[in-house]
1. How high is the FRET efficiency between Glu201 and Arg40 when r is their beta carbon distance and R₀ equals 22 Å, given to the nearest 0.05?
2. If you restrict to DSSP beta bridges whose two residues both lie in the range 88-226, what percentage is antiparallel, to the nearest 5?
3. I'd like to know which of Leu271, Val12, Phe193 lies farthest towards the positive end of the charge dipole of the chain, counting +1 on Cβ of Lys and Arg and -1 on Cβ of Asp and Glu.
4. For the range 201-206, what does the Karplus curve 6.51 cos²θ - 1.76 cosθ + 1.60, with θ = phi - 60°, yield as ³J(HN,Hα) per residue in whole Hz, taken in order and with x for Gly and Pro?
5. First measure r as the distance between the Cβ atoms of Ala142 and Arg282, then evaluate 1/(1 + (r/R0)^6) with R0 = 22 Å and state the FRET efficiency to the nearest 0.05.
6. At R0 = 22 Å, how high is the FRET efficiency between Glu229 and Ala48 if r is their beta carbon distance? Nearest 0.05 is fine.
7. Summarise the long-distance tail of P(r) for the range 54-166 by giving the % of C-alpha pairs beyond 25 Å.
8. DSSP loop (so not H, G, I, E, B), at most 14 other Cβ within 10 Å: list which trypsin sites (Lys or Arg not before Pro) in the range 227-326 pass both filters.
Amino acid sequence: MAEEPVDEFERVRRFYAPLAGPGGLGLLDDAALVDCRGGRRLVVTADAIVEGVHYLPEDPPDLVARKFLRVNLSDLAAMAARPLHYLLTTALPATLGADWLAGFAEGLGEDQRRFGVDLLGGDSVATPGPASLSLTAIGEVAAGMEVRRSGAKPGDLVWVSGTIGDAFLGLGVLGGAYPGLPPEHRAALIARFQIPDPRVELGPLLAGIAHAMIDISDGLLADLGHICETSHVAAIVELGRLPLSPAARLVVEAEPGVRPRFVAGGDDYELLFAAPADAAERIAALSSRLGLPITMIGRIEAGAGARLVDAAGQIIPVEAVGYRHF
């Protein structure tokens, strides 16, 4: 039996109003109210996803919601901002009934609690399909302490949090690749693809340390290229320094040729940043404090573009350096 459609006002009252914070005013007014503390700046980012392009129709709605929120929180972390609120706009076909909406709202609620954010409002409309979702995340940073892409300098070292390539491999596992991996490693790789872990604690702590920063969404080499372009510098990444998870190491042992593809895979949502060489001890202290690997993988030089090199310093060709939307 087909589900009864849920109209706009019932949808907002039933699924989204419970997610609203004080500034959202119960989603009963035309707009939200947000206080901005003296000496702080608001950091705002927006993203959109489309069913069948960014996620599959059969993906669980709670995972869709959690990944969608997390990738936006990652953008805030990349500017050293602390996350506060978000706005959500959904254009959903009638075939997505109350059960899908309940799962989607449950996923949002779970991660709201985890990351300390709340919903301010947005819009909810119908579409013949496919589903289209838009999210705007808002954070704050001390004025002048935001970290942009444009501050990298020759002589800086390039660092990355966590591990690289897991999401790329997780997508492969979902497609049937690497059947010989132990089940626990397969599950870990899939989780890294489906539910990224935005570095919301690390990002603000890098204010005053990192000269330039970005989160890895399109691929390490492509995103480092954005830093190079805006900072008017070049970057070298050493393949042997890429931090790998135990699961990724097993894959590399079986297929050594896959390792260079990790810099182009995307969806890592780790923080990639340039910092002066004399910041190494402070970065090591942050790594220890957070229990999070932060690895030096290369350096910033004069010139243009980001390149991957082997142990001998020879350039390793990378066919596709990252995801492009068009």
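The values are calculated or read from the model by the stated rules, or taken from the named source; none is laboratory data. What you see is a predicted model; the values in this text were computed from it and never measured. When we count neighbours, we look across all protein chains shown, and the Cβ atoms used for this are built from the backbone with ideal geometry, even at glycine. Heavy atoms of the whole protein, side chains included, go into the accessibility calculation; ligands, DNA and RNA do not. Shrake-Rupley method; radii C 1.70, N 1.55, O 1.52, S 1.80 Å.
1. Plugging the Cβ-Cβ distance into 1/(1 + (r/R0)^6) gives 0.75.
2. Looking only at bridges with both residues in the range 88-226, the antiparallel portion is about 45 percent.
3. Leu271
4. After applying 6.51 cos²θ - 1.76 cosθ + 1.60, I find 7, 5, x, x, 6, 8 Hz.
5. 0.80
6. Efficiency computed from Cβ-Cβ geometry: 0.40.
7. Here the tail beyond 25 Å accounts for 35 percent of pairs.
8. Those that pass, being in a loop and sparsely packed, are Arg324.
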